[in-house]
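The values are calculated or read from the model by the stated rules, or taken from the named source; none is laboratory data. Keep in mind that what you see is a predicted model, and the values were worked out from it rather than measured. We place every Cβ from the backbone using ideal geometry, glycine too, and count neighbours over all the protein chains shown. Surface accessibility is based on the protein's heavy atoms, side chains included, excluding ligands, DNA and RNA. Shrake-Rupley method; radii C 1.70, N 1.55, O 1.52, S 1.80 Å.
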Amino acid sequence: MTGPNLPDFFSVMARLRGSLGGRFSELFAVEQLCQQAGSMIQTRVEALVELNGLQLPITSLTIGNPETARNCLLLTGGIHGVERIGTQVLIAWLESVIERCRWDAHWQRQFDEELAIVALPIVNPGGMLQDMRCNPSSVDLNRHAPIDAEADTPFLIGGHRIWRKLPWYRGHWHRHQEIEFVALQNVVYRCTRPESLCLVVDFHSGFGFKDHLWIPYAFRKEPIEDIACYVALKLLWERNFPHHNYQFGPQAMHYLSHGDLWDYFHIQSREHGAKLLPLTLEMGSWLWVKKHPSQIFSFAGLFNPTVPHRHARVLRSHLILLDFLMAACRNPNQWLVEGEHARQLQQMAQALWYRHLPS
Ligand SMILES: [Zn+2]
């Protein structure tokens, strides 16, 4: 169910409380955050996902006003339901933003005109309740967008339409757009306007031993049109935090996939003259598995830290990055590049990542 006449978040949660029992701690953590934030966070139910008689909300949390703010930071988590840690990191950071607003007037004032934060911490609540990557219709939402890879993708993993029961199933966007996709698209449209920047961080886990910051596209090996802006952001980050531990580069260096949401939204926003710069924070869960091998026997354990001290370390380890990206989003004129400077950074990108391609 989508549309403007959905019930408010707190009444949806009141109805769910008895039915969910102790399950779905992330959803209740979102509720608790919003209750404690009071008027600092506006909640909006973007859609209700039906699952086994339950109506699970896809909820947006807004700080500031994205329709009037100069720039917008959009944060999304739980597109892959099993990757709970992304949602938890996102909630932990929002808690720190709200706490800071209580005592730091300078910090709070940034949300008057300069910046809005919009967060969708649980894009795929049905998948998260079931500990599954896909949504309740077995569709992998990050393979669902109407865009096909231009070169070979890894078998199945890159997205397929062979059989719904196999993982990484794309669904048929042209026949039926998944409700989670529609809800996310509505939010992206609200956050993107000409002459403003919308910086996106989409939280995932499960790939590799290191934490990656992925630059689009996933559908082709050639650089995204905005590659110079991404290089500028990477350089700014590295100047400020030279000892950081992220692999910051294009996703296509690792693999290509069909139907990537952010590829699609980036192309759409360019057609509307808006500046949307998506990043994927892909937390390297293989290290958690390596250090605690019994995690391999649980599907959720492949994507989430299970040992408490490691879990706490993950929750705190991305706070600096997110504070930095918020500040970058507030000050785009300091690093977004055009003209000759952009051409120089394109050449740098070519040398860093695209040497195998003709320049
Ligand atoms: Zn993921």
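Just a few scattered comments:
- Residue identified as more than 16 Å from the ligand (Cβ to nearest atom) and surrounded by 13 or more Cβ atoms within 10 Å (Cβ to Cβ) among Ala145, Ala183: Ala183
- When restricted to residues that are open to solvent by 60 Å² or more (accessible area, probe 1.4 Å) and either in contact with a Leu (Cβ under 8 Å, 6 or more places away or on another chain) or within 28 Å of Ala183 (Cβ to Cβ) (or both), the stretch 101-113 contains 2.
- Matching residues, the stretch 151-183, being in contact with a helix residue (DSSP H, G or I) (Cβ under 7 Å, 6 or more places away or on another chain) and part of a loop (DSSP other than H, G, I, E, B): Gly159, Trp168, Arg170, Glu178
- The one condition in (1) within 16 Å of the ligand (Cβ to nearest atom); (2) within 19 Å of Val182 (Cβ to Cβ); (3) out of contact with any strand residue (DSSP E or B) (no Cβ under 8 Å at 6 or more places or on another chain) that Gly158 fails to fulfil: (2)
- Residue match in the stretch 319-326 (condition: surrounded by fewer than 14 Cβ atoms within 10 Å (Cβ to Cβ) and at pLDDT 85 or above): yes
- Output for the stretch 158-180, where each listed residue is basic (Lys, Arg) and either surrounded by fewer than 17 Cβ atoms within 10 Å (Cβ to Cβ) or under 13 Å from Ser269 (Cβ atoms) (or both): Arg161, Arg164, Lys165, Arg175
- Evaluation of His292 against (1) farther than 29 Å from Gln334 by Cα; (2) within 16 Å of the ligand (Cβ to nearest atom) (one fails), failing number: (2)
- Check on Phe10, closer than 26 Å to Gly301 by Cα, part of a helix (DSSP H, G or I) and not acidic (Asp, Glu): no
- Of all residues in the stretch 295-318, those that are within 16 Å of the ligand (Cβ to nearest atom), open to solvent by less than 40 Å² (accessible area, probe 1.4 Å) and in a helix (DSSP H, G or I) total 3.
- Single condition Met1 does not satisfy, out of (1) open to solvent by 50 Å² or more (accessible area, probe 1.4 Å); (2) touching a His at 6+ places or on another chain (Cβ under 9 Å): (2)
- All positions within the stretch 50-78 that are more than 15 Å from Pro121 (Cα to Cα), buried (at least 22 other Cβ atoms within 10 Å of the Cβ) and among the polar types (S, T, N, Q): Asn71
- Residue match in the stretch 214-232 (condition: of a type outside the set (Lys, Arg) and over 21 Å from Lys275 (Cβ atoms)): no
- Residues that are open to solvent by 10 Å² or more (accessible area, probe 1.4 Å) and touching a Phe, Trp or Tyr at 6+ places or on another chain (Cβ under 9 Å), drawn from the stretch 32-44: Gln35, Met40, Thr43, Arg44
- No other residue among Ala47, Ala14 is of a type outside the set (D, E, K, R) and surrounded by 20 or more Cβ atoms within 10 Å (Cβ to Cβ) apart from Ala47.
- Looking across the stretch 124-142, the residues that are in a helix (DSSP H, G or I) and either of a type in the set (A, V, I, L, M, F, W, C) or away from the ligand (no atom under 11 Å from the Cβ) (or both) come down to Pro125, Gly126, Met128, Leu129, Leu141.
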